[in-house]
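Taking it in order: structure first as structure tokens, then the write-up.
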Amino acid sequence: LPARGFVSFANGADASGFSKMTSKIREFNASLTTNLSPPELEQIDALTSTLSATNRYHATTVGVSELNALGKMVREWDTERVFPALDLVRLAVLHPDAAGPAREGYWSEVIMTVLDKCRKARDESSKAATVAVPMLSLRLFANCFKGGTG
């Protein structure tokens, strides 16, 4: 039978999943030179709080500064450490406000950056990066078809 829908990857959108992501983000952030500032970390915390309340998506918004902090991690973190940012971005795209039509430029840039990270991960010798980055990227791409109208 033909499929009536498509697969999306919303697993991990709970308090426990976000707690693991944010702790890994903080761990990696402490070891990087292109790290997030304390206000940017607060924006990531606000974003995870919004995203964890999936039953409130209809009544919540995602701020530009939250997406900018997330985009900074995706752009600037190396392929060895970018995986928690990719995990978070795959969930952010499911939020209707985050994925709305007004954010098309943001998501276009994120998608192009993620494709570049996949290329770099393929060329690296690290087994962790060559598995995690493409897997999370493909999950992000699948989720792009579910969230919002953008």
Taking first residues from segment 53-71 that are within 14 Å of Arg103 (Cβ to Cβ) and second residues anywhere that are open to solvent by 70 Å² or more (accessible area, probe 1.4 Å), the pairs with Cβ under 9 Å that are 6 or more apart or on different chains are Ser65/Pro39; Gly71/Glu109
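Does Ala46 qualify as being at pLDDT 95 or above and closer than 22 Å to Ala10 by Cα?
On the way: at pLDDT 95 or above: yes; closer than 22 Å to Ala10 by Cα: yes.
When the stated conditions are applied, Ala46 passes them.
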Checked segment 31-45 for anything in contact with a Ser or Thr (Cβ under 9 Å, 6 or more places away or on another chain) and crowded, with 20+ Cβ neighbours inside 10 Å; matches are Gln43, Ile44
Condition set hydrophobic (A, V, I, L, M, F, W, C), open to solvent by less than 90 Å² (accessible area, probe 1.4 Å) and closer than 16 Å to Ser137 by Cα, scope segment 1-20, selection modelled with the highest pLDDT: answer is Phe9
For segment 126-144, the count of residues that are at pLDDT 85 or above and open to solvent by 70 Å² or more (accessible area, probe 1.4 Å) equals 3
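I'd like to check something: does segment 57-76 contain any residue that is among the aromatic types (Phe, Trp, Tyr), over 18 Å from Leu138 (Cα atoms), in a helix (DSSP H, G or I) and open to solvent by 30 Å² or more (accessible area, probe 1.4 Å)? It would help to see each step written out before you state the result.
Looking only at segment 57-76, we keep the residues that are among the aromatic types (Phe, Trp, Tyr), and these are 57.
Subset that is over 18 Å from Leu138 (Cα atoms): 57.
Filter once more, keeping what is in a helix (DSSP H, G or I): 57.
Narrowing the set further to residues that are open to solvent by 30 Å² or more (accessible area, probe 1.4 Å) leaves 57.
Yes - at least one qualifying residue is present in segment 57-76.
Give Thr79, Thr48 a once-over and let me know the one that is buried (at least 16 other Cβ atoms within 10 Å of the Cβ), in contact (Cβ under 8 Å) with a residue 40 or more places away in the chain and not in a helix (DSSP H, G or I).
Numbers: Thr48 fails: not in a helix (DSSP H, G or I).
It is Thr79.
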Exception for Leu94 within (1) in contact with a Lys or Arg (Cβ under 8 Å, 6 or more places away or on another chain); (2) under 23 Å from Pro134 (Cβ atoms); (3) open to solvent by 40 Å² or more (accessible area, probe 1.4 Å) falls at (3)
Log entry, pairs with first residue in segment 19-38 being more than 9 Å from Met73 (Cβ to Cβ) and part of a helix (DSSP H, G or I), second being of a type in the set (Ser, Thr, Tyr) and at pLDDT 90 or above, beta carbons closer than 8 Å, six or more apart or on different chains, reads Met21/Thr48; Thr22/Thr48
For segment 33-59 the number of residues that are of a type in the set (A, V, I, L, M) and out of contact with any Leu (no Cβ under 8 Å at 6 or more places or on another chain) is 5
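The values are calculated or read from the model by the stated rules, or taken from the named source; none is laboratory data. What you are looking at is a predicted structure, and each value in this text was computed from that prediction instead of being measured. With ideal geometry, Cβ positions are generated from the backbone for all residues, glycine too; neighbour counts draw on all protein chains shown. The accessibility values were calculated without ligands, DNA or RNA, using every heavy atom of the protein model including side chains. Shrake-Rupley method; radii C 1.70, N 1.55, O 1.52, S 1.80 Å.
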